[in-house]
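Asks: Can you keep this structure in mind? I'll have questions shortly.
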Amino acid sequence: MRDRADIIAAIATPPGRGGIGVVRVSGPALGQFTRCLLGRELVPRQATYMGFPDASGEPIDRGIAIAFAGPHSYTGEDVLELQGHGSPVVMAALLERCVACGARVAEPGEFTRRAYLNDRIDLVQAESVADLIEASNRAAARSAMRSLSGMFSDRIRALVREVTEARVFIEACLDFPEEEIDAATLSSVQRSLKRIQAEIDATRSAAGNGRLLAEGIQVALVGRPNVGKSSLLNRWVGEELAIVTPHPGTTRDTVRGSIAIGGVPVHLVDTAGLRATDDTVERIGVERSLAAAERADLVLIVRDASRPQEWPEMLPEGWGPDIARLTVWNKVDLAGWEPGSREGQVFVSALSGAGMPALQEAVLKVAGWQPGGEGEFSARARHVAALERAAAAVTRATGVAGAMELVAEELRTAQDALGGVTGEVTADDLLGEIFSRFCIGK
Ligand SMILES: Nc1nc2c(ncn2[C@@H]2O[C@H](COP(=O)(O)OP(=O)(O)OP(=O)(O)O)[C@@H](O)[C@H]2O)c(=O)[nH]1
Ligand SMILES: [Mg+2]
């Protein structure tokens, strides 16, 4: 990321043709730039219908220009928006003019990064902007919007305040070592640790749901050939995405499809059946299956209920110990078994669709979805991990409550972890990681 003080420009609308296309510019002061680009200055927040001239003064397009004077803008800097016709040629020409007048092309997420660096929004809100844009259904969009409006940040900040208060109290005790710490003080510290722990737990559970809504679950269908993985994918997605035949070894390439369960995006990948084979193409398919399974959050081990004696799968020993697994018995219609879920396993028929609701429920459960509230706000794995670090520190603090220095130290750890969520204490490389995933122009 280069100098924060330079002028950045980008096409903010998606690539392709559309009714309107927007070029967006941000910089610390855009007066001179606007004169160069449009031949005049603009009244802030007033839409001006005008020609957008090229270098020789001939209009590239006619449209609406709006200027926002910093700090009252998205980025906190001066912002200029040119709303022209949504033609890639026109947009490219306008962007080129911006560069000729001294702007450089923005990197992904750079406008939002500036909004964060200029304290217009915190890091959770910045991330929720990306989540809102990426949302694949209304529930995900709603929860991203709640994070953007500050619901999640407010909860984190309230927690940080509580931890800070507890720290201040304890540090004050430490400043007067000659005074004995009495039982009343000790129990008051214990009480506030308990309260903080309960609030972190509640926030963590809500953030876990929010994370699933924002990021979705990657699910891989894995198992022996012919057990019905592709049939299951097709049934789930409601479309004939994968080829199904009675011949073992039908699927070679991985086939992907997405669905939503209760608003949680679930990305399914059907894979080649796992078996030792001399067929070169099938062997590559098997390698791809394992690679897809390795990237999944949840692996469904599909088995054939009509052949229960068959070995379940051929995942190499010690493979992916951290990846959650769920056994799914398919073809219960042939076996005459009851569909549904029992003892941590699920019983379905891809042919008739029996047992599919139980499968959906089991997938959400294994992925850590907390029933009850839908996602109160969107969150990310990073937030959940930070809350877990904070919770662990508070647990340790509770265990050493007699030794006030240690309690103070653990509370500092908890405070740092929580501060990292909203971005009060954040390493530069983390910022690079977060904003690089944005689309250009946001
Ligand atoms: N009776 C019955 N047949 C099924 C069911 N699911 C799949 N089949 C049949 O089982 C055969 C294999 O199904 P596929 O979906 O191709 O199996 P697969 O696991 O994808 O197989 P590979 O791609 O070879 O690994 C097909 O003839 C399906 O019609 C089921 O629930 N009941
Ligand atoms: Mg298949």
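The values are calculated or read from the model by the stated rules, or taken from the named source; none is laboratory data. All of these numbers come straight from a predicted model, not from anything done at the bench. So basically every Cβ, Gly included, is an ideal-geometry build from the backbone, and we count neighbours across all protein chains shown.
Asks: From Ala202, Ala183, Ala220, grab the single residue that is within 29 Å of the chain's Cα centre (by Cα) and more than 26 Å from Arg389 (Cα to Cα).
Replies: From the options Ala202, Ala183, Ala220, the qualifying one is Ala220.
Asks: Name, by its number, the condition in (1) away from ligand 2 (no atom under 16 Å from the Cβ); (2) in contact (Cβ under 8 Å) with a residue 60 or more places away in the chain; (3) within 20 Å of Val219 (Cβ to Cβ) that does not hold for Val302.
Replies: (1)
Asks: Could I ask something else about it? Could you list, ordered by first residue, the pairs with Cβ atoms under 8 Å in which the first is in the stretch 62-79 and within 15 Å of Leu42 (Cα to Cα) and the second is part of a loop (DSSP other than H, G, I, E, B) and aromatic (Phe, Trp, Tyr), at least 6 apart or interchain?
Replies: Close Cβ pairs (under 8 Å, with a partner that is part of a loop (DSSP other than H, G, I, E, B) and aromatic (Phe, Trp, Tyr)) amount to Phe68/Tyr74.
Yes or no, residue by residue, for (1) on the phi < 0 side of the Ramachandran plot; (2) at pLDDT 95 or above; (3) not β-branched (Val, Ile, Thr):
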| site | (1), (2), (3) |
| --- | --- |
| Glu180 | yes, no, yes |
| Ser192 | yes, no, yes |
| Thr203 | yes, no, no |
| Gly216 | no, no, yes |
| Pro225 | yes, no, yes |
| Ser230 | yes, yes, yes |
| Arg235 | yes, yes, yes |
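Asks: Among the residues of the stretch 118-164, what is the count of those that are modelled with pLDDT of 90 or more and among the polar types (S, T, N, Q)?
Replies: 6
Asks: Pairs please, first residue from the stretch 227-240 and closer than 11 Å to Val269 by Cα and touching a residue at least 12 places away in the same chain (Cβ under 8 Å), second anywhere and within 12 Å of ligand 2 (Cβ to nearest atom) and of a type in the set (Ser, Thr, Tyr), Cβ atoms under 6 Å, 6+ apart in sequence or on different chains.
Replies: Listed pairs, sorted by first residue: Ser230/Thr251.
Asks: Out of the stretch 233-242, which residues are within 13 Å of ligand 2 (Cβ to nearest atom) and surrounded by 13 or more Cβ atoms within 10 Å (Cβ to Cβ)?
Replies: Across the stretch 233-242, the qualifying residues are Leu233, Asn234, Arg235, Leu241, Ala242.
Asks: Here is a further query. Of the conditions (1) near ligand 1 (Cβ under 9 Å from one of its atoms); (2) touching a strand residue (DSSP E or B) at 6+ places or on another chain (Cβ under 7 Å); (3) within 24 Å of Gly263 (Cα to Cα), Gly340 fails just one. Which one is it?
Replies: Tallying (1) near ligand 1 (Cβ under 9 Å from one of its atoms); (2) touching a strand residue (DSSP E or B) at 6+ places or on another chain (Cβ under 7 Å); (3) within 24 Å of Gly263 (Cα to Cα), Gly340 fails exactly one: (1).
Asks: Further question: For the stretch 308-416, list the helices (runs of 4 or more DSSP H) that sit wholly inside it and hold at least 2 residues that are among the hydrophobic types (A, V, I, L, M, F, W, C) and farther than 30 Å from Arg161 by Cβ; which are they?
Replies: Correct list: 332-335, 356-366.
Asks: Restricting attention to the stretch 258-273, and to residues there that are part of a loop (DSSP other than H, G, I, E, B) and in contact (Cβ under 8 Å) with a residue 60 or more places away in the chain, which single residue is farthest from ligand 1 (Cβ to nearest atom)?
Replies: Gly263
Asks: Which ones in the stretch 308-325 are closer than 20 Å to Val219 by Cβ, more than 16 Å from ligand 1 (Cβ to nearest atom) and either among the charged types (D, E, K, R) or surrounded by 13 or more Cβ atoms within 10 Å (Cβ to Cβ) (or both)?
Replies: Trp319, Gly320, Asp322, Ile323, Ala324, Arg325
Asks: Also, I was wondering about something else. Given (1) in a helix (DSSP H, G or I); (2) away from ligand 1 (no atom under 16 Å from the Cβ), where does Arg235 come up short, assuming only one miss?
Replies: Every listed condition holds for Arg235 apart from (2).
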